[in-house]
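Okay, so here's the structure we're looking at.
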Amino acid sequence: MVEHGYKMTKADHCVFIRNLSEGDFIILLLYVDDMLIVGKVISRIKELKSTLSKSFSMKDLGEAQKILGIEIVRDRNEKKLYLSQEKYVEKVLRRFGMDKAKAVSIPLASHFKLSHQLCPFTNEEELSMKNIPYSSAVGSLMYAMVCTRSNIAHVVGVVSRYLSNSGRYHWEAVK
């Protein structure tokens, strides 16, 4: 890609950018055997596709609707793209039996004061938490946070402190 005028980003070596003119650019994202091309001018995108198809076999799937399970929503009137994990979040809620839960505007309500004193201390308390999928739920929240939901970063950080020894109150905070 470098020989075609693209620069690899320092933040992610799978992302290449080519600035063509003021406000005109193309971004190429590579992930294993998938790629996503983003640009303002369709003729430039077609030109890149043509260049790439000369180097290797590829299949054009048209406009991306999803990448890595993240939905791409376009508002052409506003000339904006949005990323959504709505279906992923719904699946996670079903998986943990929370699909009937009511949404809240504040990710971690102020009445949740989590501490190590709330961790299980007795064998009985530890056994009661053994079948609670705390780590898995926190991991699912972490994936959403990293991809599209940066607004839950603080709460994910807080509940992550108790991954090795979570109690019922910690589980309630996750829910």
Residues located in region 143-159, provided they are of a type in the set (Val, Ile, Thr) and surrounded by fewer than 15 Cβ atoms within 10 Å (Cβ to Cβ): 146
For region 8-25, which positions are more than 22 Å from the chain's Cα centre (by Cα), assigned to a strand (DSSP E or B) and not hydroxyl-bearing (Ser, Thr, Tyr)? 18, 19, 20, 24, 25
Given the conditions (1) surrounded by 14 or more Cβ atoms within 10 Å (Cβ to Cβ); (2) within 30 Å of residue 22 (Cβ to Cβ), every one holds for residue 71 apart from (2)
Which residue out of 150, 105 is within 21 Å of the chain's Cα centre (by Cα) and under 30 Å from residue 40 (Cα atoms)? 150
For region 57-147, which helices (runs of 4 or more DSSP H) that fit wholly inside it have 1 or more residues that are within 29 Å of residue 39 (Cβ to Cβ)? 86-95, 134-147
Quick count over region 80-113, residues being of a type in the set (A, V, I, L, M) and modelled with pLDDT under 85, is 6
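The values are calculated or read from the model by the stated rules, or taken from the named source; none is laboratory data. The structure displayed is predicted, hence computed values, not measured ones. Note that each Cβ is placed from the backbone with ideal geometry, even for glycine, and that neighbours are counted across all protein chains shown.
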